[in-house]
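FYI, it's all coordinate maths here, none of it is from the lab. A quick note: this is a predicted structure, and the numbers were derived from the prediction, not measured. Quick reminder, even Gly has a Cβ in these numbers, built from the backbone with ideal geometry, and neighbours come from all protein chains shown.
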Amino acid sequence: MGYRLEGAPEIICLGGGRRMWSAPLPRCVAECGSSVFNNEGILLSPNYPMNYDNNHECIYSIQVQAGKGINISARTFHLAQGDILKIYDGKDNTAHVLGAFTGSAMLGLTLISTSNHLWLEFYSDTEATGEGFKLVYSSKILTQHFQTQHTACSTA
Ligand SMILES: [Ca+2]
């Protein structure tokens with residue numbers, strides 16, 4: 001899940017005295033970005049748990065059941081100089097920014113959306129890479145919903 005094979009679909013051992021493969025060895029890499037619709041799951045940076053590459057621009061979108069919110073936190077978060085993860089509280093990057101994280105800044109935090117959508121953008125620049133991130137998310141009942149009910153009760 002979330003991985004794909006990168007490289008030539010078939011390689012052959014070249015004959016003669018060279019003893020080389022016909023193409024670079026294929027690798028199993030994390031997808032660069034994804035759209036997920038499960039009520040809970042994991043988002044990985046490209047290549048995870050190996051270092052991500054330079055010059056990435058990865059988009060992740062999360063949609064959970066309508067009427068629910070989303071809790072998201074980082075199990076691992078190590079970005080190198082110049083790299084950033086932005087998390088938007090909605091279905092695209094016109095939404096309010098919940099947070100923009102560099103270095104290890106997202107560790108220990110839990111972000112909560114106000115709707116059933118989150119949009120994440122990961123950028124790496126042209127030099128220095130890191131381990132990246134492993135984010136876990138799950139849907140939750142929106143607290144806002146309770147507050148609305150509470151207000152309704154107290155004014156009744
Ligand atoms: Ca970098």
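With both residues required to sit in the chain, DSSP beta bridges show an antiparallel share near 90%. Here the extension length gained between Leu14 and Glu127 equals 37.3 nm, from 0.36 nm per residue of separation less the Cα-Cα distance.
With the simple spin-label model, which puts each label point 7 Å out from Cα in the Cβ direction, the Ala66 to Ala100 separation comes to 3.3 nm.
Calculated [222 nm] ellipticity per residue, helices only, for the chain: -2500 deg cm²/dmol; basis is -39500 (n - 2.57) per DSSP H run with n ≥ 4, divided by all residues, nearest 500. From least to most packed, judged by other beta carbons within 10 angstrom and beginning with the fewest, Trp21, Trp119 follow the order Trp21, Trp119.
Exposed loop sites, defined as trypsin sites (Lys or Arg not before Pro) outside DSSP H, G, I, E and B with at most 16 other Cβ atoms within 10 Å, are absent from the longest region of the chain, namely 20-90. In a fully extended conformation the segment linking Lys134 and Asn93 would gain 12.7 nm over its present Cα-Cα distance, using 0.36 nm per residue. Taking the longest Cα principal axis of the chain as reference, the axis of helix 143-155 is set at about 0 degrees. Taking GluC sites (Glu not before Pro) across region 74-141, the ones in a DSSP loop with at most 12 further Cβ atoms lying within 10 angstrom of their Cβ are Glu127. What the Kirkwood sum gives for region 32-155 is a hydrodynamic radius of 14.9 Å, with every pair of different alpha carbons counted.
Sequence-distant contacts, meaning Cα pairs under 8 Å at least 6 residues apart, place the relative contact order of the chain at 27 percent.
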